[in-house]
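The values are calculated or read from the model by the stated rules, or taken from the named source; none is laboratory data. It should be emphasised that the depicted structure is a prediction, and the values quoted were computed from it without experimental measurement. Counting neighbours? That spans all protein chains shown, and the Cβs are built from the backbone with ideal geometry, glycine included. Only protein heavy atoms, including side chains, enter the accessible area calculation; ligands, DNA and RNA are left aside. Shrake-Rupley method; radii C 1.70, N 1.55, O 1.52, S 1.80 Å.
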Amino acid sequence: MAAPLPVSRLFASLQPGAMTNMAAEDVENKPGIVVRQKGGREVQVTGTAELSAAPDRARVCISLSSSKVAAAEAKSSVVRRLEYIEQTLRQRGLPVCVVFEDFEKLQNICNMLVEKLDSSVCISSPHFYHSPENMEKLRRQVCLNAVSNARRKAQDVCRLVGQSLGKAVIIREEEMKEWEDQVDPASSSLQRKIKSATIHATSKVSATFEIKGKEQNKKSC
């Protein structure tokens, strides 16, 4: 019988000074990381997010006209109609400067004025836009979502290698983009006009987190 072969053992270790360099575009939306040992162990990741915000304001221009034999009669007719419009708006809790936040109310009031005043009233197509508060909310939230995505990515990486994620060291917003939907401006549909004024925003952040150490397994009760 042949003599048994000697048992071989292979040992591997990770040297503390090891560091992997990767460009930012190589790690975006990928599980690639940079684990640094200089000055403490860290994990570097990127995170992206996209959000959309519909317009929260609408403005219309209302013009009145009247045709009478005498100029005074025409003026009196227009004044009466103007008072009716102002009364209609006030009854619905709106100032005379017509800026709408409720787009359904906008459509209902415009339809009612056209029905009541007929050809003597001309109402412009509504112009939809964003208040400064709405835009600031969109930009802030999309950045926060990108940071949250970056942290989740870092947590997944640390969990994969049996480590525990620590606090953030550096968080930097690398890029912010905004754009509107490309919709035919000639479309008369209210929903299409709202869609054309909807703004989309994306944010890309880079983040560096500490690695605290080995992940502690929770003891089952």
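Taken over the stretch 172-193, the residue count meeting the criterion of being of a type in the set (A, V, I, L, M, F, W, C), at pLDDT below 90 and not in a helix (DSSP H, G or I) is 2. Name every residue in the stretch 162-178 that is hydrophobic (A, V, I, L, M, F, W, C) and surrounded by 13 or more Cβ atoms within 10 Å (Cβ to Cβ), in order of residue number. Leu165, Ala168, Val169, Ile171, Met176 - these are the residues of the stretch 162-178 that are hydrophobic (A, V, I, L, M, F, W, C) and surrounded by 13 or more Cβ atoms within 10 Å (Cβ to Cβ). The test for being open to solvent by 70 Å² or more (accessible area, probe 1.4 Å), more than 20 Å from Ser203 (Cβ to Cβ) and in contact with a Lys or Arg (Cβ under 7 Å, 6 or more places away or on another chain) holds for Glu101.
For the stretch 128-135, check the following and say yes or no: at least one residue is open to solvent by 50 Å² or more (accessible area, probe 1.4 Å), among the charged types (D, E, K, R) and under 23 Å from the mean Cα position of the chain (by Cα).
Yes, the stretch 128-135 contains a residue that is open to solvent by 50 Å² or more (accessible area, probe 1.4 Å), among the charged types (D, E, K, R) and under 23 Å from the mean Cα position of the chain (by Cα).
Within the stretch 47-75, being open to solvent by less than 50 Å² (accessible area, probe 1.4 Å) and hydroxyl-bearing (Ser, Thr, Tyr) holds for Thr48, Ser66.
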